[in-house]
Amino acid sequence: SHLAVFVSGGGSNFKSIHAACQRGQIKGEVALVVSNVPTCGGVLYAQDHDIPTLIYPASKKKSVEGMTADELLSALKHQFEVDFILLAGYLRLIPPEIVRAYNCRILNIHPALLPAFGGKGFYGMRVHEAVVASGARFSGPTVHFVDEEFDRGPILAQRAVPVYPSDTPGDVQARVLRQEHIVYPECVAALCDGRVSWRDDGVPILWDGGK
Ligand code: GRF
């Protein structure tokens, strides 16, 4: 399968997905990286590995004309023949025309157990600060399909990690991130293998291959 990975930051999840493609865990390749931040770690890593990059949307500060959502969609479909879109720390909403065109083919990873601690404003360290402040005993990554709202599409997989009373938000972030790098490649592998099915009420079910 052809994968497009959308990033805004360091891109450690992108790197874990790329590595899983390289070792054959994911039967697919990262055909394209899309970012709103031209100099972020994810973009630089892509450039180092000869993976094409597109900037979307263009920064508002520069008066540079960016590509339109339709142009991006056309590039995804026709130029790069993208089968699945993977959001990996992409801090913008995906344009609705892309969500429609790639219905049930866009995944996101969120660093908390949705539907708690998600939605607009819950990103980066703020998520882990809110988890610690709440006194919750568990956190962990959620991989979910993307709809037109932040962090609200159907949940595909979660991993639970403990939260200890002495934890700082940074401790929780590190513990969750380690699980992100395991669960996201597993989910992408399942998607590429056709091991994701749907319950009648729209809940996706991941078959682990009988492990
Ligand atoms: C991760 O915590 C992910 O769950 C969230 O954004 C962060 C991205 O980190 N959506 P990285 O850029 O993949 O290192």
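Could you list, in sequence order, all residues of region 170-205 that are among the acidic types (Asp, Glu), in contact (Cβ under 8 Å) with a residue 40 or more places away in the chain and more than 16 Å from the ligand (Cβ to nearest atom)?
Across region 170-205, the qualifying residue is only ASP193.
Just checking, does region 131-146 include any residue being of a type in the set (D, E, K, R), outside any loop (DSSP other than H, G, I, E, B), more than 12 Å from the chain's Cα centre (by Cα) and at pLDDT 95 or above?
No - not one qualifying residue is present in region 131-146.
Name the pairs whose Cβ atoms lie under 7 Å apart, with the first residue in region 34-53 and farther than 18 Å from LEU3 by Cβ and without any contact (Cβ under 8 Å) to a residue 60 or more places away in the chain, the second hydroxyl-bearing (Ser, Thr, Tyr) and more than 15 Å from the ligand (Cβ to nearest atom), and 6 or more positions between them or separate chains?
Short answer, once both residue conditions are applied: ASN36/TYR56.
Is it fair to say ARG92 is under 13 Å from the mean Cα position of the chain (by Cα) and surrounded by fewer than 18 Cβ atoms within 10 Å (Cβ to Cβ)?
Answer is yes for this residue.
Scan region 124-135 and report the pairs whose first residue is among the charged types (D, E, K, R) and whose second residue is part of a helix (DSSP H, G or I), with Cβ atoms within less than 7 Å and a gap of 6+ or a chain change.
Here the result reads GLU129/PRO169, each pair linking region 124-135 to a residue that is part of a helix (DSSP H, G or I).
Hey, could you check region 22-39 for residues that are within 16 Å of the ligand (Cβ to nearest atom) and surrounded by fewer than 20 Cβ atoms within 10 Å (Cβ to Cβ) and say which is nearest to MET67 (Cα to Cα)?
ASN36
Restricting the search to region 30-73, which residues are small (Gly, Ala, Ser) and out of contact with any strand residue (DSSP E or B) (no Cβ under 9 Å at 6 or more places or on another chain)?
Within region 30-73, ALA58, SER59, SER63, ALA69 meet the criteria.
Identify all residues within region 91-110 that are assigned to a loop (DSSP other than H, G, I, E, B) and under 23 Å from VAL196 (Cα atoms); write none if there are none.
Hits for region 91-110 are ILE94, TYR102, ASN103, CYS104, ARG105.
Can you confirm whether region 160-168 contains a residue that is touching a Phe, Trp or Tyr at 6+ places or on another chain (Cβ under 6 Å), more than 16 Å from the ligand (Cβ to nearest atom) and closer than 23 Å to GLN25 by Cβ?
Checking region 160-168: not a single residue is touching a Phe, Trp or Tyr at 6+ places or on another chain (Cβ under 6 Å), more than 16 Å from the ligand (Cβ to nearest atom) and closer than 23 Å to GLN25 by Cβ.
List pairs: first residue in region 21-33 and over 22 Å from LEU54 (Cβ atoms), second residue in a loop (DSSP other than H, G, I, E, B) anywhere in the structure, Cβ distance under 8 angstrom, at least six positions apart or on different chains.
So the pair list comes out as LYS27/SER1.
The values are calculated or read from the model by the stated rules, or taken from the named source; none is laboratory data. Just so it is clear, the model here is predicted, and its values are computed rather than measured. Quick reminder, even Gly has a Cβ in these numbers, built from the backbone with ideal geometry, and neighbours come from all protein chains shown.
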